[in-house]
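Take a look at the structure below.
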Amino acid sequence: MDPITVMVYFVAILFALQCVTFFMILQMRLHQPRTFGSTLMENKAKTNSVLRKAIEQANKILVTAELKGIQLISKQKLSGGELTDQFNAHLATIEKALQDQLERNVAHTEEAYNSFITQSEEMIKTHISQNQKALEDKAEKMVVDTEGLLQKFTVEVEEKIKGEVAGELEKAKHEIEVYKGERMRVLDERIVDILEEVVRVTLDKKLTLADQSDFVYKALEQAKKDNAFGDKTPGAQKKAV
Amino acid sequence: MTPFETILKTSFVKADVHRRIRVLRQFLEQKYYGRGEKLNLKEFLDKEKVSDTDKTVLAGWGPEILEGITKENAYDLTDAMTDEIKELPLITLYIPFEPDEASIQRIGTWFRENVDKRTLVDINVEASVFGGCAFAQDGVYHDYSLRGLLSRHYQEIRTVFDQYAKQL
């Protein structure tokens, strides 16, 4: 049984029960002071009547509700099947349209993607080529500039080194001359010392006191000869004491 | 001959003259002002322990050295002698050996004969004046040693060395 039908039945029964209950309560209140026996019978008859009427009414309602439910279900079944068919047809149409659209979109996307890839490749190639060209140009320029700078630097360094070497050479020559002169001066000064030392070493142990005394007198005689004891003594070495 | 001339005749070195005048003064002091026994010159020299050379020289002066010296003029006379030393020509001599008394007398005599008869000598031993001597007179130094000789002939020596060096 259809749920809607069940619900109609249930409502109808519920309505009938309420009516019966309402009627019984009303009778009890109206006929409370009467005698229990007659009242009971009367009420029983009325109740049966009411119940019969209620059952009849309920049956009518039930039948009516059943009929209406059947009608409604029939209508609903009829419209649901149509709707399903329409929906299925529409759905199929939409599905077909969507599939077609999707296929077109896929094709278009693929085409656009391929085109994009191709263009991108070409652009990348172009960029790479341009960059390579620019890089080569810059590198060549850099090499040329660097070569020029290096040549200039080399020339400058060479000139500077030449100047410094010439200066150092001149300085070294000057120092050598100074050293030579100094050594000559020292040697000149040392000549007398060396000769004296040689003579001293040679003669010192051989000379007796008498020999040395003789040298003293000879020296004094020479001084006298040189007029060393006068005020002026030409040829004599003099220095202030 | 005065006492000073007598001293000078036998003394050639300035230090000897000063020392011998001092000994004479001490002798005169003990003779004229000393207490106790008066010693003669020989006895005094023995007592004072002067050197043998000084003994010989002072004894050689003889009694004539004391002629004219009295108690009154003894100090004045010795002071005058000391002052007179400063007026004598002085030569400072540098020799390379320690001279004995004979050498000193010989050197002194040489100066008296060849420079001035009153010359005094101040002798100093200086090894660097090897092969001769050097002397200073009136503030001027004269080098007659081997070094001085070589220095005076420095140019000739250098010429010889240069010629020798060129031959090498």
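Every read-out reported here was derived from the displayed coordinates using simple, explicitly stated rules and does not represent laboratory data. The structure displayed is predicted, hence computed values, not measured ones. Heads up, the Cβs are rebuilt from the backbone with ideal geometry, glycines too, and the neighbour counts pull from every protein chain shown.
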Task: Exposed trypsin sites (Lys or Arg not before Pro) absent: longest stretch of chain A, with sites in DSSP loops and at most 11 other Cβ within 10 Å deemed exposed - done: A:1-204
TODO: Sticking with the crude label model, points 7 Å out along Cα→Cβ, report the distance from A:Ile117 to A:Glu158 in nm, one decimal please.
DONE: 6.0 nm
TODO: May I have the pair-distance distribution P(r) for the protein assembly as shown, computed from all Cα-Cα distances with 10 Å bins from 0 and rounded to whole percent?
DONE: 4, 11, 10, 8, 6, 5, 4, 3, 3, 3, 3, 3, 3, 3, 3, 3, 4, 5, 6, 6, 4, 1, 0
Open item on the list: Straight-line reach only, C-alpha to C-alpha below 13 angstrom: list the aspartates and glutamates that A:Lys162 could link to, leaving out same-chain residues fewer than 8 apart.
Closed with: A:Glu170
Open item on the list: Less than 29 Å apart at the alpha-carbon level, and either on another chain or at least 8 residues along: which lysines does that give for A:Lys77?
Closed with: A:Lys60, A:Lys68, A:Lys96
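Looking at the range B:83-143, which GluC sites (Glu not before Pro) are in a loop (DSSP not H, G, I, E or B) and have at most 12 other Cβ atoms within 10 Å?
Passing both the DSSP loop test and the Cβ count: B:Glu87.
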Open item on the list: Once R0 is set to 56 Å, what does the formula 1/(1 + (r/R0)^6) return for the Cβ-Cβ distance between B:Asp83 and A:Leu187, expressed as a FRET efficiency to the nearest 0.05?
Closed with: 0.60
Open item on the list: If you take every DSSP beta bridge fully contained in the range B:82-168, what fraction is antiparallel? Give it as a percent rounded to 5.
Closed with: 60 percent
Task: Whole-number D in µm²/s for chain B (Stokes-Einstein; Kirkwood sum over Cα pairs; 25 °C, 0.890 mPa s) - done: 132 µm²/s
Open item on the list: What distance in nm lies between label points placed 7 Å from Cα along the C-beta direction at A:Ile25 and B:Thr2?
Closed with: 19.3 nm
TODO: First measure r as the distance between the Cβ atoms of A:Val11 and A:Ala97, then evaluate 1/(1 + (r/R0)^6) with R0 = 51 Å and state the FRET efficiency to the nearest 0.05.
DONE: 0.65
TODO: Quick one: of A:Lys53/A:Lys75; A:Lys218/B:Lys86; B:Lys42/B:Lys71; A:Lys224/B:Lys117, which pairs are farther than 21 Å apart, Cα to Cα?
DONE: A:Lys53/A:Lys75; A:Lys218/B:Lys86
TODO: Per residue of the range B:149-156, in order, report the coupling 6.51 cos²θ - 1.76 cosθ + 1.60 (Karplus, θ = phi - 60°) as ³J(HN,Hα) in whole Hz, putting x for Gly and Pro.
DONE: 4, 5, 5, 5, 9, 4, 4, 4
TODO: Using the Kyte-Doolittle scale, find the helices of chain A whose mean hydropathy is at least -0.5 and whose Cα atoms extend 20 Å or more along the helix's long axis, counting only whole DSSP H runs.
DONE: A:3-30, A:36-203
Open item on the list: Calculate the FRET efficiency for B:Asn73 and A:Lys206 from the Cβ-Cβ distance with a Förster distance of 41 Å, rounded to the nearest 0.05.
Closed with: 0.15
Open item on the list: With unit charges on the beta carbons (Lys and Arg positive, Asp and Glu negative) and the dipole taken about the Cα centre of chain B, which residue among B:Tyr154, B:Ile85, B:Ala15 sits farthest to the positive side?
Closed with: B:Tyr154
